[in-house]
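Okay, so here's the structure we're looking at.
The values are calculated or read from the model by the stated rules, or taken from the named source; none is laboratory data. This structure is a prediction, so every number in the text was calculated from the model and none was measured. Here Cβ is always computed from backbone atoms with ideal geometry, including for glycine, and neighbour counts include all displayed protein chains.
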Amino acid sequence: MRELTGKLRISRILEGKEVDRSGFWLGKPKPDALKNIKKYLEVRSLREAEVRLKSDIRWIMAGNFSFPPSTAMMFKNLRKRNVRRSTSDAMVKDINTLEDVERLNWIDREKYLFPFFERKLRTAEQDNMAVFSGGHCHIWHFLLDFFGLEECFMLMYENPELVKDVVNRATNCWLKFNNTLYKKYSGRIDAGFYFNDLGTQLDSMVSVDMFREFFLPYFKKFIDQAHSFGIKCCLHSCGSIDRYIPDLINAGVDILHPIQAKAKNMGAEHLKTTYGDSLVFMGGLDAQDILPFGSPDEVRTEVKRLRDIFGNNFILSPSHEAILSNIPPENLRAMAEEATKIY
């Protein structure tokens with residue numbers, strides 16, 4: 001088989017067709033890490049680094065290029081003294097009833113502008129890369145931040161209708177955001193890249209029943225929306241989420257990212273044996289130990305092992321989308337070179 005472009009390769013992987021090699025995504029370097037990468041590769045930008053390392057995917061974060069900014073898309077006119085931003089404390093205090101939620105003056109916006117998105121999209125097309133985009137759709141993060149982590153978990157038992165009202169409003173905000181984006185750019189976006197960390201190192205955050213009640217019905221709306229535009233759905237969820245995967249497959253998730261290798265029951269052999277080709281796995285290269293602390297040869301060995309296990313139905317990438325500055329550029333190059341070897 002002739003060597004494919006990144007865009008065609010990812011498209012064929014998602015369609016379950018034969019490819020010349022597994023897919024590869026470099027990930028998203030943090031500023032300090034990007035500085036190290038640019039110096040090591042002698043390039044001027046992340047774009048040049050992605051091309052040099054033969055990354056198949058470009059992630060364009062739509063919220064960064066929208067107006068009004070996506071950080072203000074949920075509600076407005078909050079008094080500053082009532083706003084908190086941490087996972088332990090509530091984002092908004094004194095929310096006890098449905099009326100309290102209603103009074104937050106949620107934004108009901110049908111249109112967004114994306115003034116810089118077109119330029120980013122064109123460069124990805126010039127580089128023949130698949131495009132992952134869409135709103136973050138992080139309804140789980142938003143829910144935990146809104147009430148505060150511990151309080152949110154208690155409210156799921158004590159006042160489930162209140163929790164559902166909030167997650168439904170957040171879902172509708174993101175649906176409107178994506179609707180505007182996908183109407184304008186459908187046919188040019190390959191996958192919606194949606195972020196909801198549902199697991200910890202040792203287990204999922206809530207029971208399967210709670211997951212089905214407070215997350216899955218709402219997230220399925222994003223899946224169905226993307227599919228209606230001919231766009232695949234990629235769910236990013238750090239941690240151990242093995243218990244949720246059957247439901248995610250049944251709901252229509254096409255790609256699961258980042259496959260946190262050190263989390264319980266997220267090893268490559270278990271996932272491939274249990275789920276086969278039911279969805280595309282993306283990630284898997286341990287970013288907690290091997291990438292930051294292993295040698296380039298150890299990185300190459302692990303990449304080869306993962307490709308042998310997953311086969312064609314796989315997009316190799318670090319097991320966390322953010323590349324930190326403690327990962328040596330030599331290891332990133334070793335990862336890329338081994339990941340992009342033609343079969």
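The table below lists the values:
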item: All positions within the range 116-148 that are touching a Ser or Thr at 6+ places or on another chain (Cβ under 8 Å), more than 21 Å from LYS184 (Cβ to Cβ) and buried (at least 16 other Cβ atoms within 10 Å of the Cβ); result: ILE139, LEU144, ASP145, GLY148
item: Test for THR171: is it surrounded by 16 or more Cβ atoms within 10 Å (Cβ to Cβ), under 17 Å from GLY230 (Cβ atoms) and either touching a Phe, Trp or Tyr at 6+ places or on another chain (Cβ under 7 Å) or modelled with pLDDT under 95 (or both); result: no
item: Residue match in the range 182-202 (condition: modelled with pLDDT under 95, buried (at least 21 other Cβ atoms within 10 Å of the Cβ) and in contact with a strand residue (DSSP E or B) (Cβ under 9 Å, 6 or more places away or on another chain)); result: no
item: Unique match (being closer than 18 Å to ILE10 by Cα and part of a strand (DSSP E or B)) among SER317, SER278; result: SER317
item: Complete set of residues in the range 194-210 that are assigned to a helix (DSSP H, G or I) and either charged (D, E, K, R) or without any contact (Cβ under 8 Å) to a residue 40 or more places away in the chain (or both); result: VAL208, ASP209
item: Complete set of residues in the range 211-250 that are assigned to a helix (DSSP H, G or I) and closer than 21 Å to SER186 by Cβ; result: PHE219, LYS220, LYS221, PHE222, ILE223, ASP224, GLN225, ALA226, HIS227, SER228
item: Checking GLY283 against (1) farther than 21 Å from LYS30 by Cα; (2) buried (at least 22 other Cβ atoms within 10 Å of the Cβ); (3) free of Cβ contacts under 8 Å to residues at least 40 places away in the same chain, the condition it does not meet; result: (1)
item: Residue ID - farthest from the chain's Cα centre (by Cα), chosen from residues in the range 1-59 that are crowded, with 22+ Cβ neighbours inside 10 Å and among the hydroxyl-bearing types (Ser, Thr, Tyr); result: SER22
item: LYS264 outside any helix (DSSP H, G or I) and either more than 25 Å from LEU4 (Cα to Cα) or basic (Lys, Arg) (or both); result: yes
item: Hey, GLU269 surrounded by fewer than 19 Cβ atoms within 10 Å (Cβ to Cβ) and not polar (S, T, N, Q) or not; result: yes
item: Residue count, the range 99-115 (criterion: surrounded by 13 or more Cβ atoms within 10 Å (Cβ to Cβ) and either in contact (Cβ under 8 Å) with a residue 60 or more places away in the chain or over 24 Å from PRO160 (Cβ atoms) (or both)); result: 6
item: Those helices (runs of 4 or more DSSP H) lying entirely in the range 106-187 with at least 2 residues of a type in the set (D, E, K, R); result: 117-126, 149-158, 160-185
item: Candidate set: the range 1-35, residues that are in contact with a strand residue (DSSP E or B) (Cβ under 8 Å, 6 or more places away or on another chain) and among the polar types (S, T, N, Q); chosen: the one farthest from ILE60 (Cα to Cα); result: SER22
item: Considering residues of the range 307-343 that are surrounded by 15 or more Cβ atoms within 10 Å (Cβ to Cβ) and among the small types (Gly, Ala, Ser) only, the residue nearest to GLN201 (Cα to Cα); result: SER319
